[in-house]
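The values are calculated or read from the model by the stated rules, or taken from the named source; none is laboratory data. Nothing here was measured: the structure is a model prediction, and the numbers come from that model. Because the Cβ atoms are built from the backbone with ideal geometry, glycine has one as well, and the counts that use them run over all protein chains shown.
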Amino acid sequence: MDSFYRIDFKNILSKVDWKLLLFLILFLNVKLAVKIPAIVIIYLLRFNFKFGFSFKNTRLPLFYPLVIVIALFNFILYKSYGNANYPVVFLMGMGFWILCLLAVHQVKIAIEDNDTEIIHRTILVFFVLNAIISLCNIGYIMLDAHDINPYRYQGQYQKYFLGTGDYIRGLTFDISTTNAVLNAFGVVYFLDRKKPLMVLVCMVVLLLTASNFMNIALMLVLVFLFAFRTNRDQKSLIIICLMFLVVFLGKVSPQNNGYVHETIKNIIHPPTLPVNPAPLEVNADSLKGPEAKKRIFAKHYLDSVKEIRNKYAVNAAGMSIIPSNLPATGSGRVIIVGADINTPPYQTPTDTPVEQRKLLTFIDQHKAVLQLSGQDSLRVTLPGKALGFLQTTNFLKSHPAKIITGGGMGNFSSKLAFKATGLEFAGGFPEKYIYIGKDFLINHLDVYLNFFSKRRELHSLTNNPFSVYDQMIAEYGLIGLTVFVIFYLGFFTRQYKKLTYGLPVLLLMLAAFSIDYWFEQLSVLVFFELLLLLNIKETNYRKTAAI
């Protein structure tokens, strides 16, 4: 029982694959400028290009070379080289797939060259470092907000509040969803490894990211594990994790609890949302000149009167009892007090952010073809993600020739397609090589613009069209989707009955595939592959030992 609760860090640090740890830290970093050097460094340290592909007992998933072949076929079939900018986009897309292949190869080498316990220790150190950085993230937020619970802090135009979790990015410095998925993996991984302290650490970091989707996905997986695959100690940990979730939603961030209920309700009974609400007003504080000063003074004056009336009691005649020690002014005993951050003007910014203005400008330039974001009076009755899947279905129905191999890489649904717009959705892109496919423009880009050019409450995961499933069927067709299922998922599930932590990690990844373009993110999937390949090695070792 004592070993169940003990972590010997001194022993762990003495037996870690530092090359693998360095690779994970650098390659999972959000910056492509860090990922590429990470690949170069790890191949200099472990020079090996023997991939070992075969249709029988392949060493690595055949999915990667096959999807590259499909992309090349589409490039030739659709004569995409006819557009001067598309070859640059195509080469970048090929680069993403090659980086994925090189990364999984290095993960495989590390697992083959090391004892499994060394890899387990390396993974543990990674999660500890990630937790430290994540706690630093929340610590900085507390200092900036001057509030011990920023999840309820509504000042600074609600800079934090519901969006606090977006800043908990951890060791990868990527979007908080990346941190959430990694820590969901960590919870089930350490649960199987009987490391209760790390289970709770990963659960806390996951909750800090306030990822409602991953919280729900993990909760369902934990319920499954509780019922079928855990002992008494592990069941106790699962109950504690679920209690953590209840406390977080009930006490730390109750508005997230309401957000979850509202999101589920909107999915079941979609609301009618105005596509183009009233234009945002310019903040008075951003104006210049005498008139602006008068408006600012008047605003503070009215705030001060309201504050005095609310703060002090009234006498029998209904008159305010103002203390005599208040400083007098030329117009009476009225003072200007600090702003009340709980009033609407201080909770919602009234000026349009620069990045949002860029989207609005783009919409104005393409109004004629944007059926959603370009129409002032149109109303939407479905979340953006559901609209995205409907668009993909309609696209394939109206273009039957593209059902087999899809519309081509970067032409309909991918991080690459968004990146190539030059609108800085996924980092910068050279302006002279900007490329926007027509099918992408009038479908998924239109959906994204429709919601993310509006107020912040519409900027949710449910309103973006990102999805690996969508990407596979739309850009690589039925062949691409089949290759993904058979030669990627099938590679990891062929021994699913013997997997331990690999099975719940796989279930979480299947859920996560519906919320982002993870192959092009070059982050979560590398860790997923590490955990599954490691579990497969352990499974094969136990099978050999039994014989």
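Consider Leu62 carefully, then state whether it is surrounded by fewer than 20 Cβ atoms within 10 Å (Cβ to Cβ) and either under 30 Å from Asp439 (Cα atoms) or among the hydrophobic types (A, V, I, L, M, F, W, C) (or both).
In short, yes.
Being at pLDDT below 95, touching a Leu at 6+ places or on another chain (Cβ under 9 Å) and over 30 Å from Val199 (Cα atoms) is the requirement here; does Ser80 meet it?
Against the criterion (at pLDDT below 95, touching a Leu at 6+ places or on another chain (Cβ under 9 Å) and over 30 Å from Val199 (Cα atoms)), Ser80 does not qualify.
Which of the residues that make up region 50-86 are part of a loop (DSSP other than H, G, I, E, B) and free of Cβ contacts under 8 Å to residues at least 12 places away in the same chain?
Lys50, Gly52, Ser54, Phe55, Lys56, Asn57, Lys79, Ala84
Looking only at region 112-150, filter to residues that are outside any helix (DSSP H, G or I) and not acidic (Asp, Glu); which one of those is modelled with the highest pLDDT?
My answer is Asn114.
Please work out if Thr164 is hydroxyl-bearing (Ser, Thr, Tyr), surrounded by 24 or more Cβ atoms within 10 Å (Cβ to Cβ) and under 18 Å from Leu129 (Cα atoms).
Against the criterion (hydroxyl-bearing (Ser, Thr, Tyr), surrounded by 24 or more Cβ atoms within 10 Å (Cβ to Cβ) and under 18 Å from Leu129 (Cα atoms)), Thr164 does not qualify.
Go through region 425-462 and give me each residue that's part of a helix (DSSP H, G or I) and touching a Pro at 6+ places or on another chain (Cβ under 7 Å).
His444, Val447, Tyr448, Thr462
Where in region 151-221 are there helices (runs of 4 or more DSSP H), lying wholly inside it, with at least 1 residues that are on the phi > 0 side of the Ramachandran plot, touching a helix residue (DSSP H, G or I) at 6+ places or on another chain (Cβ under 7 Å) and of a type in the set (Phe, Trp, Tyr)?
Those helices (runs of 4 or more DSSP H) span 155-158.
Given Ala511, Ala474, which one is more than 25 Å from Gly407 (Cβ to Cβ), within 23 Å of the chain's Cα centre (by Cα) and assigned to a helix (DSSP H, G or I)?
Values: Ala474 fails: more than 25 Å from Gly407 (Cβ to Cβ).
Testing whether each residue is more than 25 Å from Gly407 (Cβ to Cβ), within 23 Å of the chain's Cα centre (by Cα) and assigned to a helix (DSSP H, G or I) leaves just Ala511.
Cβ-Cβ distance below 9 Å, separation of 6 or more or different chains: which pairs start in region 442-461 with a residue that is without any contact (Cβ under 8 Å) to a residue 12 or more places away in the chain and end on one that is buried (at least 18 other Cβ atoms within 10 Å of the Cβ)?
Cβ pairs passing all conditions: Glu457/Leu162; His459/Phe451; His459/Phe452.
Looking only at region 363-396, which residues are surrounded by fewer than 21 Cβ atoms within 10 Å (Cβ to Cβ) and either over 25 Å from Ile515 (Cα atoms) or among the small types (Gly, Ala, Ser) (or both)?
Asp364, Gln365, His366, Lys367, Ala368, Val369, Gly374, Gln375, Asp376, Ser377, Leu378, Ala386
I need every pair where a residue in region 184-203 that is surrounded by fewer than 24 Cβ atoms within 10 Å (Cβ to Cβ) has its Cβ under 9 Å from the Cβ of a residue that is of a type in the set (D, E, K, R) and part of a helix (DSSP H, G or I), sequence separation at least 6 or different chains.
That search, which allows pairs on different chains as well, returns Lys194/Asp233; Pro196/Asp233; Val199/Arg193.
Among the residues of region 397-432 satisfying the criterion of being surrounded by 12 or more Cβ atoms within 10 Å (Cβ to Cβ), hydrophobic (A, V, I, L, M, F, W, C) and out of contact with any Gly (no Cβ under 8 Å at 6 or more places or on another chain), which is nearest to Gly480 (Cα to Cα)?
Of everything passing the filter in region 397-432, Phe418 is nearest to Gly480 (Cα to Cα).
Residue-wise test of (1) crowded, with 19+ Cβ neighbours inside 10 Å; (2) in contact with a Lys or Arg (Cβ under 8 Å, 6 or more places away or on another chain); (3) under 23 Å from Ile473 (Cβ atoms).
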position	(1), (2), (3)
Phe53	no, yes, no
Gly95	no, no, yes
Val107	yes, no, no
Thr116	no, yes, no
Ile119	yes, no, no
Thr122	yes, no, no
Val128	no, no, no
Ile132	no, no, no
